[in-house]
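One structure is given here, and the rest of the page talks about it.
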Amino acid sequence: HVWMDQFYYDHLHQRVGEGGSRGGAEFDYRMSSIREYYFDQIGRTVEKYDVDGVELDMTRNCMFFPRGTDASGHTEECAPIMTEFMRRVRELLDDWGKKRKRRLVLSVAVPYSLHRCRLEGLDIPVWARLNYIDLLCMSSPFIADFDRDIGDTKLKVPGVQVYGGCDRNFAFEFGGGRVVPMQAYRAMAMNYLRQGGDGTYLYNVMSWTMNLDRPMPEALKRDGGQGETNGAPLDYDRNLMKEAGSLETLEHLDKLYLVSHGAESPDRPYGSLPVKVPAGGEVTLRLSVGDDVAAAEKAGKLKRILLQTISSDCTDYNNYTVKLNGIDLSRQYAFMPYATKPDSPLLFPEPARKGVLPATEQVRRHPVRSIDLHAGVNYITIKSYRNPMTVTDVELAIMYKS
C-alpha cells in the first residue's frame, strides 16, 4: 500500500495478532526492532523540521502488546517497556531542545481512562511524575462519549496539561450510524472544561482544513452539525473551532448531552447503552453535564431543558417512568405536560445524516426544571412497572434564548 513502507511487510511476524484486521495488525512493542523503527521516525522528523514538539497518537486501535490468556498476554505487565521508550523520546527532544534553546513538547493522545491505559501497558502517571510528557489528550477511538474523568486525571498527572476529546461518531446504530452534531461537540467540550480541562481535543475533526473553498450547504450553516455529502466525506460546522476552546465562548449555546454507547468496561462503571430494564426493576445511568443551568436561568438566558429516552421494544408510556436525580419526571412535574411523543426523535436538526430514525412512538420526552439538573454528575433512573424493555438512547437538550 502506498501509505505503508517496506518495514511493515518485512515485520509481519512482529504484530500483536494474526491476519489483516485492525485489531491484530499493530506492531508488538516488546520487539526492540519495532521500538527502534518508531524512535528513528521521531528522530528524523525532529531533525528535519523545526517543530515545537511531537505528539504520539496512541488512540487508533489501542494495542501495543499481545492480548491473551497466556503469560505473553498480560499487557499491563509490559508497561515498563513503553515507559522506557517514552524516556528515550523525552531525552531525544531534550537534546534537540538544548540546540534550539527551548523545551520541545511531548504530547500523547491516549484511549479512555488512566486505568484503561494502564491495562494496555501505558502508565501515564509515571510518565508525568518523571517529567516525560507535557500534554495529555484524553480521547476515545471511533466513538464519542462524555466519560473522561478529567478532574481525577489532573490530580494524578500534576504539571501536565490535560485535554478532553472524542472521535467523530456517537453510535453505529441509531438508524445506520450517527456522527457528532454541533450541539454535542459543545456539550462534550463544556463538560471537560468544567472539570478543569486545559482545552478541547477534536480527534478526526479536520474537514475544515480540506474543504474551506467548497460552499457549505445552507442547512449546515443554519443548524450546524455534520453529515455525509457528495463533496467530502464529512462536512463539519466551521463555527465549532471558535466555540469549543473555553467556557466563556460555550456559555449560553445550545447543548446536547448523551449517555454513552458501548460495552461495559472499566471506563464506564455506571453503565452504558443499550441497557436492559427488567420487569418491575430499574437501572440507573450517569450523565456528566457542564452547563450551570441555574445560573443561566437567573441571568434570563435559559429557554428550556428536555430529557428523552428511546426504547427499541417499548411504545407504552405507562410501562415505565424516568427519574432525574431522584425526581420522577412524570409524577413531580404537575404543572408541566406529561411525557409527550415528539414530532421527531432528534432534539436538534442533524442535516444530511443518513439512516432510518427510530419511530416517534418509541421516544419519550420530558421537560426538566433547572433546579433538578446541576453541573457535574447527574443520575438518570429508568423504572419498568410491568414488562422488560430495552433503552437504546438517553439524551438531554439544553436550549438557550438567542
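The values are calculated or read from the model by the stated rules, or taken from the named source; none is laboratory data. Just so we're clear, the structure is a prediction, and the values are computed from it rather than from any experiment. Note: ideal-geometry Cβ built from the backbone for every residue, glycine included; neighbour counts use all protein chains shown. The accessibility values were calculated without ligands, DNA or RNA, using every heavy atom of the protein model including side chains. Shrake-Rupley method; radii C 1.70, N 1.55, O 1.52, S 1.80 Å.
Please compute, for the alpha-carbon atoms of the range 1-150, the extent along each of the three principal axes and give them in descending order in Å.
Each principal axis gives a Cα extent; for the range 1-150 these are 47, 40, 29 Å.
So who's got an amide H within less than 5 Å of the one on N378, skipping anything under 5 residues away but keeping other chains? H placed 1.01 Å off N, in plane.
Those qualifying (amide H under 5 Å, at least 5 residues apart or on another chain) are L287, S288, V289.
From the square roots a ≥ b ≥ c of the eigenvalues of the alpha-carbon gyration tensor of the range 62-205, which class results: rounded (a/c under 1.5), prolate (a/b over b/c), or oblate?
The shape class here is oblate.
Would you mind giving the average projected area, over all directions, of the Cα convex hull of the range 77-117 in nm² with one decimal?
Values: hull surface 13.4 nm².
About 3.4 nm², averaged over all directions.
With the Cα gyration tensor of the range 293-402 giving a ≥ b ≥ c as the square roots of its eigenvalues, does the rule (a/c under 1.5 for rounded; else a/b larger than b/c for prolate; else oblate) give rounded, prolate or oblate?
Cα axes put the range 293-402 in the oblate bin.
Determine, from the Cβ-Cβ distance of W3 and R102 and an R0 of 30 Å, the FRET efficiency 1/(1 + (r/R0)^6), rounded to the nearest 0.05.
With a Förster radius of 30 Å, E is 0.40.
Ordering K301, K242, K101 by how much accessible area each has at a 1.4 Å probe, largest first, what is the list?
Values: K301 90, K242 140, K101 175 Å².
The ordering from most to least exposed comes out as K101, K242, K301.
For V275, V108, write out the residues from largest to smallest accessible area, computed with a 1.4 angstrom probe and no ligands counted.
Most to least solvent-accessible, the answer reads V275, V108.
Hey, if we sort W3, W96, W127 by accessible area with the 1.4 Å probe, largest down, what's the order?
Greatest to least solvent exposure: W3, W96, W127.
Would you please calculate the Kirkwood hydrodynamic radius of the range 120-198 over all C-alpha pairs and express it in Å, rounded to one decimal?
Numbers: mean 1/r = 0.0738 Å⁻¹.
Evaluated over the range 120-198, this radius sits at 13.6 Å.
Please compare each pair in K242/K301; K255/K298; K154/K303; K242/K303; K276/K341 to a cut-off of 26 Å on the Cα-Cα distance and tell me which ones are over it. Could the numbers behind the result be given before it?
Details: K242/K301 21 Å; K255/K298 18 Å; K154/K303 34 Å; K242/K303 23 Å; K276/K341 22 Å.
Distance filter (> 26 Å) returns K154/K303.
Can you tell me, using C-alpha contacts under 8 Å and at least 6 residues apart, the relative contact order of the range 271-402 as a whole percent? Spell out each step's value before the answer.
Details: 254 pairs, mean separation 69.9, N = 132.
Relative contact order comes out at 53 percent.
Ranked highest first by the average count of other Cβ atoms within 10 Å around their residues, in what order do 372-379, 114-121 fall?
Output ranking for 372-379, 114-121: 114-121, 372-379.
Sort 6-16, 191-201, 80-90 by packing, meaning the average of other beta carbons within 10 Å per residue, with the highest value first.
Answer by packing, highest mean first, reads 191-201, 80-90, 6-16.
Rounded to the nearest 10 Å², what accessible area does D57 show when all protein chains are kept and the probe is 1.4 Å?
80 Å²
Relative contact order of the range 60-201, please, whole-number percent, based on alpha carbon pairs below 8 angstrom and at least 6 residues apart.
Relative CO of the range 60-201 lands at 20 percent.
Across the range 289-296, in residue order, what do the Karplus-derived ³J(HN,Hα) couplings come to in whole Hz, using 6.51 cos²θ - 1.76 cosθ + 1.60 with θ = phi - 60° and x for Gly and Pro?
Per residue, the Karplus-derived 3J(HN,Hα) values read 10, x, 6, 9, 6, 5, 5, 5 Hz.
Let me know the whole percent of all Cα-Cα pairs from the range 64-135 that are separated by more than 14 Å.
Value for the range 64-135 (Cα pairs over 14 Å): 63 percent.
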